Amino acid sequence: MKNSLLRLCAAGAVLLASLATAVAADSKLVVAMLPKSKGNAYFISCKAGADKAAKELGVQLLFDGPTDSNAAKQNEIVENWITLGVDVIAVAAENKEGISTALRKAQKQGINVITYDADALPDARAFFVNQATPEGIGQSLMDEAARLTGGEGEFAMIVGSLTAANQREWQKHVEARLKEKYPKMKLVVVRPCDDLKDKAQSEATAMLSANSNLKLIMAICSPGVPGTAEAVKQAGKAGKVKVMGLGLPNENRRYVKEGVTDSVILWNTGDLGYLTVYAGAALAKGELKKGAKTVKAGSLGTFQIAGDNILLGKPFIFNKGNIDQFDF
Amino acid sequence: MSRYFRELSVVGALAALLLGLAIFAPAFFSPQPLLSLVTREAPTLVVACGMALVIISRQIDISVGSQFSVCSVCAGLLAARGWPLALVLPASITMGALLGAINGALVAGLRLPSIVVTLATMVTLRQGLNLVRQGEFVNMPDAIQWFGLPQATGQLVLVALSVALLIALALAMRHLAAGRFVYAVGTDAEASRLAGIRPQLVTFLVFVFIGALTGLAAMMNIVQSPQVQPLSGAGLELKVIAAVVVGGVAISGGRGNLWGAFAGLLLLACVSPALTHLHIEAYWEKAIQGAIILLAVVADGLRSRKAGN
């Protein structure tokens, strides 16, 4: 009798011990991160920052996504993660409405959901890590243009299209900043390039011959920047007419190195991944609650929250000095 | 005179536009920028020549923009792998001809309507390319630019090549039997068959030909910049069809010539730089181009009504 009681105690102790180790293993948070497409260099660079944050926080990072930008495949992956019972799901939504049903389901199962890069519907996630506000982009573009030209002279603008909502918004904020801060600068021409690099090259060629006093061309759609750079280079005006705009480092690297393009503006994708993991982990730990005004993200410091948007802050400027640190 | 009224009226409109530019924006004619602008349109002219043939034969090919993209990306990838230009150029033309052969086989072989066939290939090729490249640029070695020639020489070569092709084709269409076959098939396929022409073969070859020209044009475009954007060529089909129609080639087939298509292309291509030079808002560009096309179509409609009466 005594013997069996002892055995029972021993068995209980073993059970307890194994339970404790299981809990210890479980206490490592699992953050699952879903890019729009996992082979895309842009998201791979996001992952680099996310990996760093996961290491610092001691959380496990799952990074999976469709091989192409496929909204249905994104849903499938989220469903798998719900079954797996991860702690945090961070999503860059390919289709706003499409993904939201699956995300709501995840929330019902007690999984913390945030979005980054491209938002889902607001009720399907707790926070959106917003990489750049239109105002922030517009101001950075105009400030950089003013810095490059010494704050005076004529400049031109190439936009993706005259009607696309984001382009209109950015252009509006560039013009507002121009009016407010740089009275000696003048926007003399705005041309659309239909998001085509070739058309941007033709448009910039015509701009250069029509406006001999041009000091800078700003392209606010990504194919526009290399297209403009090639036109300026062919016109023999590299350095005399500055080129800058919104774009990706890889598409502009050769022109930045040749000294044709001065600045390429975007956000730091590594920081975006880093902040997303920190915010997700804080949410899971209960440190980040609805209505919070700020969130801390390791070595990057504190970030502002506007409503349910965690703001990555000022856009990042790629130039000759730093462009080789980025590959996307 | 009246026979070429359509072509001459386009030339007249073009002359008026150029005269206006000479008075209000003489900077338009500074040689170096003008050469650059003309060079930018050289590939479009090559595709427009092909489109004129397709439309004269009473077909249409709206997949040229997608063909152009596929050829550009393939040629760019080969160049990036270090293939010499002497191989990349024929590869691009062959690629275009193959894509054209697919269209041709479906249209001529299965007697399917060309608008549906080329709509299908347009979408398929475009989406396939998106899937493979995901918008990523192809970076090519510098040596490919301007065929390895100095910039100004390279530009002159491209312009000369496109104009030489135009002249050769225009003469061939007028004086060679093969050219007359295209008109015959476009006017009345059944009658041409009775006359001993094989209309299906002519149709097939016309599609192969525009494919090959598109492959050449893609090459003429990628030598103008060291990077290929996979979206390159999007909307090209509308540009060339508009040029051909404005130039007086009847969409119902059998009528029109390449000189008209050339004038139509120049007129439409001038609109955008002209607005930039005249400091007119970019919003007008598409509206003016649309109005030109409308005017051309209305002129055609009135003339055929008169002829009918």
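Nothing in this text is a laboratory measurement; each read-out follows from the coordinates by a stated rule. Keep in mind that what you see is a predicted model, and the values were worked out from it rather than measured. Counting neighbours? That spans all protein chains shown, and the Cβs are built from the backbone with ideal geometry, glycine included.
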Label points 7 Å out from Cα along the Cβ direction at A:T302 and B:I280: separation in nm? 5.7 nm
Across the residues of B:42-48, average count of Cβ atoms on other protein chains within 10 Å? 0
Sorted on mean Cβ neighbours within 10 Å (highest first), peptides B:277-284, A:241-248 come out as A:241-248, B:277-284
All alpha-carbon distances of chain A, grouped into 10 Å bins from 0, give the whole-percent distribution 6, 23, 27, 20, 13, 5, 2, 2, 1, 0, 0
Value of [θ]222 nm, deg cm²/dmol, for chain B, DSSP H segments ≥ 4, -39500 (n - 2.57) each, nearest 500: -25000 deg cm²/dmol
Per residue of A:193-206, other chain Cβ atoms within 10 Å number on average 6
Cα-centre dipole for the stretch A:134-266 with unit charges at Cβ (Lys and Arg positive, Asp and Glu negative), debye to 20: 340 debye
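What order, most packed first, do the peptides B:142-153, A:54-65, B:100-111, A:90-101 have when packing is the mean number of other Cβ atoms within 10 Å of each residue? Could you put the intermediate results ahead of the total?
On the way: B:142-153: 14.7, A:54-65: 17.6, B:100-111: 19.4, A:90-101: 21.2.
Put in order of decreasing packing, that is A:90-101, B:100-111, A:54-65, B:142-153.
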What dipole magnitude, in Debye to the nearest 20, does chain B give about its Cα centre under +1 on Lys/Arg Cβ and -1 on Asp/Glu Cβ? 760 debye
Measuring from its Cα centre, the protein assembly as shown shows a charge dipole (+1 at each Lys and Arg Cβ, -1 at each Asp and Glu Cβ) which, in debye to the nearest 20, is 300 debye
Just want the ordering: B:C270, A:C193, B:C49, B:C71, from fewest to most Cβ atoms lying within 10 Å of their own Cβ. B:C270, A:C193, B:C49, B:C71
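Using helices alone, I'd like the mean residue ellipticity at 222 nm for chain A: each DSSP H run of four-plus residues gives -39500 (n - 2.57), total over residue count, nearest 500.
Helix contribution divided over all residues of chain A: -15500 deg cm²/dmol.
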Just report the Cα centroid separation between the stretch A:166-225 and the stretch B:91-118, whole Å. 40 Å
Need the full-extension length gain, A:D324 to A:K108, defined as separation in residues times 0.36 nm minus the C-alpha distance. One decimal, nm. 73.4 nm
Would you mind checking the tilt of helix A:71-84 against the longest principal axis of the Cα atoms of chain A, expressed as 0 to 90 degrees and rounded to 10? 30 degrees
Membrane-span-like helices in chain B: DSSP H runs reaching 24 Å or more (Cα, own axis), mean Kyte hydropathy at least -1.0? B:5-24, B:31-56, B:85-104, B:114-133, B:151-175, B:199-222, B:258-278, B:284-308
Could you give the length gained on full extension between B:A120 and B:W83, defined as 0.36 nm per residue of separation minus the Cα-Cα distance, in nm? 10.2 nm
Inter-probe distance in nm under a simple model that places probes 7 Å from Cα toward Cβ, at B:A291 and B:Q127: 3.8 nm
Please list the three semi-axes, largest first and in whole Å, of the ellipsoid equivalent to the stretch A:161-298, using sqrt of 5 times the eigenvalues of its alpha carbon gyration tensor. 36, 18, 14
Can you give me the angle between helix A:41-57 and the longest principal axis of chain A, using Cα atoms only, in degrees from 0 to 90, rounded to the nearest 10? 40 degrees
Would you mind computing, in nm to one decimal, how far apart the modelled labels at A:E175 and A:A118 are, each placed 7 Å from Cα along Cα→Cβ? 2.8 nm
Farthest positive-ward along the stretch B:126-237 dipole, Cα basis, beta-carbon charges - from B:T187, B:A164, B:A212: B:T187
Computed on alpha carbon atoms, what radius of gyration and Dmax characterise the stretch B:2-304, expressed in Å? 19.2, 57
Sequence of B:L166, B:L267 once ranked by neighbouring C-beta atoms within 10 Å, starting from the fewest: B:L166, B:L267
Cut-off is 10 Å between beta-carbons; in what order do A:Y182, B:Y4 appear when sorted fewest neighbours first? B:Y4, A:Y182
Net charge contributed by nearby residues that have their C-beta within less than 10 Å of A:V260 (K/R +1, D/E -1): +2
Set Lys and Arg Cβ to +1 and Asp and Glu Cβ to -1, take the dipole of the stretch A:228-271 about its Cα centre, and tell me which of A:V260, A:P249, A:G270 lies farthest positive. A:V260
Provide the descending list of Cα extents for the protein assembly as shown along its principal axes, expressed in whole angstroms. 119, 64, 50
What is the angle, in °, between the Cα long axis of helix A:269-284 and the longest principal axis of the Cα atoms in chain A? Nearest 10 is fine, range 0 to 90. 30 degrees
Amide H contacts under 5 Å for A:M33, restricted to residues at least 5 apart in sequence or on another chain and with H modeled in the peptide plane, are A:L62, A:F63, A:D64, A:A90
Partner chain Cβ atoms within 10 Å, averaged over the residues of A:232-242 - can you pull that number for me? 2
